[in-house]
Each structure stands twice: as C-alpha cells, then as structure tokens.
Amino acid sequence: MSKVVLAYSGGLDTTVCIPLLKEKYGFEEVITVTVDIGQPRKEIKRAEERGNKYADKHYTVDAKKEFGEALVMLIKANGEYEGYPLGTALARPITAKKVAEIALKEGAEAVAHGATGKGNDQLRFDNVFYEYGLRVVAPMRELNLTREWEIEYAKQHGIDVPVTKDKPWSIDENIWSRSIEGGDLEKPDFVPPEEIYEWTISPQEAPDEPEIVEVGFEAGRPVSLNGEIADVFEIIEKLNEIGGKHGVGRNDMMEDRVLGLKARENYEHPAATILLTAHRDLEKLVLSRRELKFKRFVEEEWAELVYYGLTNEPLFDALNAFIDETQKRVTGWVKLRLYKGSVLPVARDSPFALYREELTSFDSLAIDQRYSEGFSRFHGLQGRLFRELMRKKE
Ligand code: ARG
C-alpha cells in the first residue's frame, strides 16, 4: 500500500491535503504527524482529533525538550532576523525531522507538507526531508490553489472549515512566538485590529503599575525566574504570561523572505523579548568589548542560517562552538522593568563581570588619572596629522 506521511497542524491547508494526497496524488494511506513544540494545548488536541478523524492514522510527537534546547542556543546567539526572534524558523527543522523519522519507520513512499511556494517554510521542510532521502510532496505549492477553492473542496469532503470570512488570519505559533498573517494584514498601510493579538494585551490597557522580573542565567542559559530555579520551557511559559499582561513583545514589521519577497508580518513574543533583552544586557557586563563586537557578526550569520533553514550547514556547528565558548562566563542575573509594552533592564550582576566599581567610580582614587595623559597624547594622532596637512594645503 502506498503511504504518505503528512506534517499536520490541523488547519485548513494541511487538512485539505489529506483528501488531495489520495485523489490527486494516488496515495492509498495518509498518516498525519503533529509535533508538539509548545503550541497551545488546544491546538495539539484539535490536530489530534482532526488527524484521527480525516486521516488513516495519526501521531502526536513531543519535541518540547528538543525545541527548548534549540531555544537555549538561540538565546545564547541573541537570535533575531531583522527583528524577528525566529520562532517558526527554528522549529521547522525539528518538526521536519520528527515527521521524517516516522516516514522511515512507517516505510512511507513520501512525506508531505502544506507550505506554499511563496514562503520560507517550504525551504526549511524540504532541506530536512531531502537530507533523509525522502520524496517530497507539497500540494499547496504544486497545485496553485486559492483559499476559496480549498474551502469549497473541504466542504465537499466533509471537513469542517475553521476560518470564517471576518477572521481570515493565518496563525503559526509555538512557545517562542506567534505570527499572524493574511487578509488585510497583507496591506502594509493597514493598521491591525486588536483582535489579531492573543498573547498580549494592548499596551494602553496594561496595568499602571510596572512589574520587575529577575532572570538568572548560567553559562548563557536562563535557569531561574524571580529567584526560582526552573527549566527553560517553564521560564518561557511564565514570561509569556507576565510579559503579555504588560503588553510586551508585539512586533509589526516588513520582512525579507528568503526568496526575496517582502512580507508584512505581525508577531507577538513576550518571553522572547524579555529573555533576549536580559541576555544581551548580561553579556554587556561580562564579555569584553572585542568579544561583543565580533559576536555581533556571528549572531547575524547564525540568525540568517536559521531563517534560511540551513542549520545542517557545517558553518552552523562552527558558529555554535564559538558562541558556546563566549557563554561560559555569561552567568548572573538581570532585573527588568515591564511597563505598558516596554522592557527595560534596571539592574544586573555577575561573578564574571569585567566591571570594577573602584576603577570606574568618580569617587575612587584606585587609578592614578595622570597615567591617562600619555595615552591621550597618542589617541587620535593620525586624525590630527591629517587635519594639519589639509590646513597647510589650503
Ligand atoms: N515569517 C516567519 C518565518 O518565515 C513566520 C512564518 C509563519 N509561517 C506560516 N506558515 N504561517 O519564519
């Protein structure tokens, strides 16, 4: 029997794929796989119910641990692409890998995904699937379907359609970020209505009292929240809740997709904003000026590899090794103030700080300031020589 394993979210596109894989591609058995990367429980449940109802067999795979570890690396790398903290991008290869493993176990002839031919997700899925030597079927990319056609087709096949005309948003979420796309949001000059947000309250509606949170790090990894030891998944869950309550982590941006298409994206990611702000702040206390400067280039390259779905690159391993080396001393804590959509570091400490109060303080005599006079005589020397020359030429 010819089998295909489908990466399944339970949404309209991937559900429509089930009958399509049979009718248009001739597969006899469709197996759906939903990978748990910390999307809301009700999403997993819905996917499970719909998978069991419409496909021949369904798997739910828990990849929360693996995704949590990938997120720790992202935090160490201060991972952001054009200001987007890479939630979907980082998760896709993990999802793809789980789907590929089931395809091999099931002896399936092919794997399928619901990504279109316009976005980044196709590249991220395909790269992993091809790495596993699998045949890839992508109905949304290959058949050029419109949303209207899909809705009609779904109805004909007894599939309930979750989207309605007045809420045409396309959502993608996991524990790190939630993206909202489609409908009028595709017009960059359209101001999004409040209803697109689910994780964050509007900053105007946020409490008038600010809240301080304290994040503890060990070797770059978040290990505690407000003094309580917790694993990274728990910390992210709690910070999404606390940050969301203060309207932290909304993001409305233009983004350059891998293909070169510009897209208008809306995101919310309270924990990501808080953790990345905290981590960067701690690094500034601990890392040397040169480490910080060089690491920025590494971070940019790292984020691009993740965004492009190229984490199987040997360069990715090399960058991670560099980043891990720098993180050995990134231990300590940062306090941040959350207030009406903003996150501001307000205090920090580390046993590895390269800061010494007795050296920098206005009130200290630990440094004989007269030593600096000699330094200053050479500082800017070439610039002065150049200006002098120019004056003479005039
Ligand atoms: N623009 C983001 C990215 O490329 C989010 C994509 C969301 N994906 C989706 N299928 N709706 O990672």
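Considering region 27-45, the residues that are within 20 Å of Asp160 (Cβ to Cβ) and either buried (at least 19 other Cβ atoms within 10 Å of the Cβ) or in contact (Cβ under 8 Å) with a residue 40 or more places away in the chain (or both) include one that is nearest to the chain's Cα centre (by Cα), namely Gln39.
Just one of the listed residues (Gly119, Gly114) is touching a helix residue (DSSP H, G or I) at 6+ places or on another chain (Cβ under 8 Å), modelled with pLDDT of 95 or more and within 12 Å of the ligand (Cβ to nearest atom), namely Gly114. Of the residues that make up region 80-102, is at least one touching a strand residue (DSSP E or B) at 6+ places or on another chain (Cβ under 9 Å), of a type in the set (Asp, Glu) and more than 29 Å from Arg250 (Cβ to Cβ)? Yes. In region 276-296, the residues that are closer than 18 Å to Leu239 by Cβ reach residues that are modelled with pLDDT of 95 or more and among the β-branched types (Val, Ile, Thr) with C-beta atoms within less than 6 angstrom, at least six apart or across chains, in these pairs: Thr277/Val343; Ala278/Val215; Ala278/Val334; His279/Ile75; Asp281/Val334; Leu282/Val330; Leu282/Val334. Screening Leu287 with (1) surrounded by 18 or more Cβ atoms within 10 Å (Cβ to Cβ); (2) closer than 16 Å to Ala70 by Cα gives one miss only, at (2). Of the strands (runs of 3 or more DSSP E) contained entirely in region 258-350, those carrying at least 3 residues that are within 16 Å of the ligand (Cβ to nearest atom) fall at 262-268. State yes or no: is Leu134 within 16 Å of the ligand (Cβ to nearest atom) and touching a helix residue (DSSP H, G or I) at 6+ places or on another chain (Cβ under 9 Å)? When the stated conditions are applied, Leu134 does not pass them.
Every residue in region 242-257 that is more than 17 Å from Glu195 (Cβ to Cβ), assigned to a strand (DSSP E or B) and of a type in the set (D, E, K, R), please. Across region 242-257, the qualifying residues are Glu255, Asp256.
All conditions in (1) in a helix (DSSP H, G or I); (2) away from the ligand (no atom under 16 Å from the Cβ); (3) more than 16 Å from the chain's Cα centre (by Cα); (4) not aromatic (Phe, Trp, Tyr) hold for Leu239, with the sole exception of (3).
Okay, residues lined up against (1) in contact with a Phe, Trp or Tyr (Cβ under 6 Å, 6 or more places away or on another chain); (2) near the ligand (Cβ under 10 Å from one of its atoms); (3) touching a residue at least 24 places away in the same chain (Cβ under 8 Å):
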| position | (1), (2), (3) |
| --- | --- |
| Leu143 | no, no, yes |
| Trp149 | no, no, no |
| Lys155 | no, no, no |
| Trp176 | no, no, yes |
| Ser179 | yes, yes, yes |
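Which condition breaks for Ile44 when tested against (1) among the aliphatic types (A, V, I, L, M); (2) outside any helix (DSSP H, G or I); (3) away from the ligand (no atom under 16 Å from the Cβ)? So the condition that Ile44 fails would be (2).
For region 201-212, state whether one or more residues are β-branched (Val, Ile, Thr), within 30 Å of Arg337 (Cα to Cα), part of a strand (DSSP E or B) and in contact with a helix residue (DSSP H, G or I) (Cβ under 6 Å, 6 or more places away or on another chain). No, region 201-212 contains no residue that is β-branched (Val, Ile, Thr), within 30 Å of Arg337 (Cα to Cα), part of a strand (DSSP E or B) and in contact with a helix residue (DSSP H, G or I) (Cβ under 6 Å, 6 or more places away or on another chain). Out of all the residues in region 292-306, is one or more under 25 Å from Val248 (Cβ atoms), in contact with a Gly (Cβ under 8 Å, 6 or more places away or on another chain) and of a type in the set (A, V, I, L, M)? Yes, that holds for at least one residue. For region 56-93, a tally of residues being assigned to a helix (DSSP H, G or I) and either away from the ligand (no atom under 16 Å from the Cβ) or surrounded by fewer than 22 Cβ atoms within 10 Å (Cβ to Cβ) (or both) returns 11.
Among all positions in region 97-110, there is at least one residue which is within 16 Å of the ligand (Cβ to nearest atom), farther than 30 Å from Ala219 by Cβ and in contact (Cβ under 8 Å) with a residue 24 or more places away in the chain.
With respect to (1) over 23 Å from Arg124 (Cα atoms); (2) surrounded by fewer than 21 Cβ atoms within 10 Å (Cβ to Cβ); (3) touching a Pro at 6+ places or on another chain (Cβ under 9 Å), the lone exception for Glu234 is condition (3).
State all residues of region 354-384 that are surrounded by 10 or more Cβ atoms within 10 Å (Cβ to Cβ) and aliphatic (A, V, I, L, M); if no residue qualifies, say none. Hits for region 354-384 are Leu354, Ala366, Ile367. Residues in region 349-364 that are within 17 Å of Asp281 (Cα to Cα) and among the hydrophobic types (A, V, I, L, M, F, W, C): Phe352, Ala353, Leu354.
The values are calculated or read from the model by the stated rules, or taken from the named source; none is laboratory data. As the structure is a computational prediction, the values presented were derived from the model and not from experiment. Every residue, glycine among them, receives a Cβ derived from its backbone with ideal geometry; neighbour counts consider all protein chains shown.
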